Amino acid sequence: MRKVILVLLVCSGGLAHALEPFTVTDIRVEGLQRIAPGTVFNYLPVKVGDRVDDEIARQSIRALFQTGFFQDVELEQEGTVLVVRVQERPSIANIKIVGNDSLDEDELKKGMEQIGFVEGRVFNQSMLDRVVQELKNQFFAAGKYGAEVIGEVTPQERNRVDVSINIKEGETAKIKQINIIGNNTFSDDELRDEFELTTPGIFTFLSKKDRYSKQQLQADLESLTSFYQDQGFLDFRIESTQVTITPDKKDIFVTVNVTEGARYTVKDFSVRGRLIVPEPELIGLVSIVPGASYSRKEVSNSSKAISDRLADEGYAFANVNAIPEVDRANQEVSFTLFVDPGRRVYVRRINITGNSVTRDEVIRRELRQLEGSWFSAQKVQRSRVRLQRLGFFDDVKIDTPAVPGSPDQVDMNISVTERSTGSLLFGVGFSDADGLLLQASVSQRNLFGTGRELDLSFDNSSVTNVIRLQYVNPYHTLNGVSRGFNIFRREVDAAEANTAAYFTDTFGGGVNYRFPLTEFNSLNFGVTFERIDLEATAETPPEILEFIEASPSNDIFKINGNVAHDTRDSILYPSDGVLQRFNWEASFPPSDLEYYKLSYRAAWYRPIGKALVYKIGGELGYGSGYGDTDGLPFFKNFFAGGASTVRGYKARSLGPRDSSDDPDPLGGDRRILLNTELLFPFPGSTAKDKRISLFLDGGQVYGPGQPESLNDVDLAELRFSVGVGINWFSPLGPLSISAAYPINKKEGDETEVVQITLGRLFE
């Protein structure tokens, strides 16, 4: 007989009827639809044979509610049988997101999965409310402050529900105005230039910098503080910041109230403490200038320069504190740079992770910081650069944590993210010089993880047909001397290359060595054999025809190589450093032709601020014959014009031309190239695989009938162009697009404003 005495409310609507204590002989569960009875028994803290009273009943109801499976729970007594009556929460049959255009729906659903709000799970209204609020926060972060997000629940059969999340995004709120109050020394425009946030402009639809962000505003305020303190305003402070939004939630106004204070000058500075490095050398690292305006940046840079210098001596945890002495009456400040080098440390162990293919020895041989030696920050940084330049890794990270319990030891932990170094490629390329290019290659730049390179490639275009096999061992010897072998076959139809008409068919091969002279200098030296067959056409000009008739087939033995000085921080996208390279190519007996070619190329890169890079470079080339060969053979001539030399002029079009009725370029034995560029990231992109350049190109080729020495070239004949270019490592390969305007073109010059190259590495 069911016994009911008094109803008590507990735990979110659960009912436990007041009951007399009894010993449970059986437990019966009623109301289950999807959940198995065993699940209830598993969470119920009462078993057959237990004695139940009011307190145990309350605990049981609470335990079942905490599972989240049930909307209502009741306990009743029927004699010695405990009856558990439950009402299950509905399950989620389907989740639909309607009206979302800005946010990635897959990412949204992934976020809901992480909190357990997915189809098939038990529906929980509080969890839906959490999802709705999180979606609102994401739209607010994207600048859509008028966004509405509503969750609707529709009951379905079998105790299920459909959930629809309806979104009205509204328009993106943009910063209408940034006001700065209290500034007297600098104009509003000068100060707004220090902000990343800005008002709508030409490129802000890409960069999205016109959208308000609390985190970005804090960073901008710090930049503003740094700007003032770098200009001598030691007491500058930001009094308050107000951010308001219009009632229609479309426009945002930012107001910043500042107090400039007085401008201070540096009276003097000194270096004190335990000076491991001689004091004059440390003073030379200080960029603080007595008599100049105080600059927080220069003080920080000076401290860092001294710390870095001590780190190169093994003092990895050196502290350099700049202690100011402020004379407010005279508006002067003096600094004492107090040096505490700490203990000298050495590297206990080098640990390498992430290299599933590349062997440890391939990584270790590039390191300049060694186990068991004194720590050097410079050597650690150089080790990282050398690993990046291998081209085997997408990312290289090096940490140097202290060894617990050993104040004079650090470990060097190297974490690499490998990229695919082997490829089977069939592709299509295009260049302004060679037209459509069909490519096929089988290459492995890290053969079996040894760092060796094996490459078999085939290139076919309207100008050239090339097949080449190359093998390179970068560590032929333990001290880093590399050796490579190559064999090739190359056919050239010069008429298709916008030059004087002729055919060449070249077969050859050679061996090349690279000798590291210092950390940044190297010598490359090789010996190559070429057999060159020349063939004239009906359009071949007299200047070339005579040579071909006299020497239709030629065996050439030549030495080739270069001396290089390279401090660039990256090969593909350098932002700092210098490249200088002197190249040579010269035939030697028993060659059929006797000639030599020399060239010198230089490029200098310097970062400007955080994002800009300035580059200036150029090249000088000279070639001639010797012995029985009169002048440089025509098929070895220099050319200029095109995407890799002087943009805005048609490929290979500059310089001397033949004597035909419709003269074509011949090339020449001397070349001058000039280039300067301002490089910056693509607007709105943080990826490193693309950037834009504003450039000035110049160049010319000189040959027969022109000044005969490199010192006597006519610089007035140089052609110049200005323009904008885009370099991008696209999914189809390296893509270069330029739009250039020829500045001083002359009659007969062939110009080409837009030039596109796909599938060729940037030059």
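Angle of helix 296-312 to the longest C-alpha principal axis of the chain, folded into 0 to 90 degrees and rounded to 10: 80°. A simple charge model with +1 on the Cβ of Lys and Arg, -1 on the Cβ of Asp and Glu and nothing else charged puts the dipole of the chain at about 2740 debye relative to its Cα centre. Expressed to the nearest 5 percent, the antiparallel share of DSSP beta bridges inside the stretch 174-259 is 55 percent. If R0 equals 22 Å, the separation of the Cβ atoms of VAL754 and ILE616 corresponds to a calculated FRET efficiency of about 0.35. As a calculated quantity, the FRET efficiency between ASP129 and GLN218 at R0 = 35 Å, using C-beta atoms, amounts to about 0.75. In this structure the amide hydrogen of ARG121, modeled in the peptide plane, comes within under 5 Å of the amide hydrogens of ILE92, none closer than 5 places in sequence on its chain.
FRET efficiency for the pair SER415 and ARG121, taken as 1/(1 + (r/R0)^6) with r the Cβ-Cβ distance and R0 = 35 Å, rounds to 0.40.
Near the amide H of ILE743, within less than 5 Å, lie the amide hydrogens of PHE720, SER721, VAL722, all on another chain or at least 5 residues away, with H placed in the peptide plane.
Note the angle between two axes, namely the Cα long axis of helix 214-230 and the longest principal axis of the Cα atoms of the chain, as a number of degrees from 0 to 90, rounded to the nearest 10. Computed tilt is about 50 degrees.
Can you give the log10 of the normalised intensity I(q)/I(0) at q = 0.11, 0.21, 0.25 Å⁻¹, computed with Debye over equal Cα scatterers of the stretch 91-168? Debye curve over Cα of the stretch 91-168, log10 I(q)/I(0) at q = 0.11, 0.21, 0.25 Å⁻¹: -0.26, -0.92, -1.26. Label separation (GLU196 vs ASP630): 6.8 nm, computed from points 7 Å beyond Cα along the C-beta direction. Each peptide in 601-613, 361-373 was scored by the mean count of other Cβ atoms within 10 Å over its residues; highest first, the order is 361-373, 601-613.
Relative to one another, the C-alpha centroids of the stretch 631-654 and the stretch 34-111 are positioned 80 Å apart.
Taking label positions 7 Å along the Cα-Cβ direction at both ASP555 and ARG158, the computed distance is 8.6 nm, reported to one decimal.
Residues whose amide H lies under 5 Å from that of SER551, counting only those 5 or more places away or on a different chain, are absent; hydrogens are built 1.01 Å from N in the peptide plane. The angle separating the long axis of helix 105-114 from the principal Cα axis of greatest extent in the chain is about 50 degrees.
Straight-distance candidates among the aspartates and glutamates for linking to LYS47, with alpha-carbon spacing under 20 Å and chain neighbours fewer than 8 residues away dropped: GLU20, ASP26, GLU30, GLU55, GLU74, GLU76, GLU78. Take the convex hull of the alpha carbons in the chain; its mean projected area over all directions comes to 50.5 nm².
If the segment from VAL511 to VAL724 were pulled out straight at 0.36 nm per residue, it would be longer than the present Cα-Cα gap by 72.7 nm. Put a dot 7 Å past the Cα of VAL326, heading toward its Cβ, do the same for SER102, and the two dots end up 4.2 nm apart. Remark: VAL345, VAL357 ranked as VAL357, VAL345, counting other beta-carbon atoms within 10 Å and listing the fewest first. Counting only residues at least eight positions apart within a chain, or on another chain, the aspartates and glutamates with an alpha carbon under 20 Å from that of LYS615 are ASP566, ASP569, ASP576, GLU677, ASP689, ASP697, GLU763. Highest average first, the peptides 618-625, 640-647 ordered by how many other beta carbon atoms sit within 10 Å of their residues are 640-647, 618-625.
No lab work stands behind these numbers, since they all come straight from the coordinates. Note that the structure is a prediction, hence the values are computed from the model and not measured. Ideal geometry is used to build each Cβ from the backbone, glycine not excepted, and the neighbour counts take in all protein chains shown.
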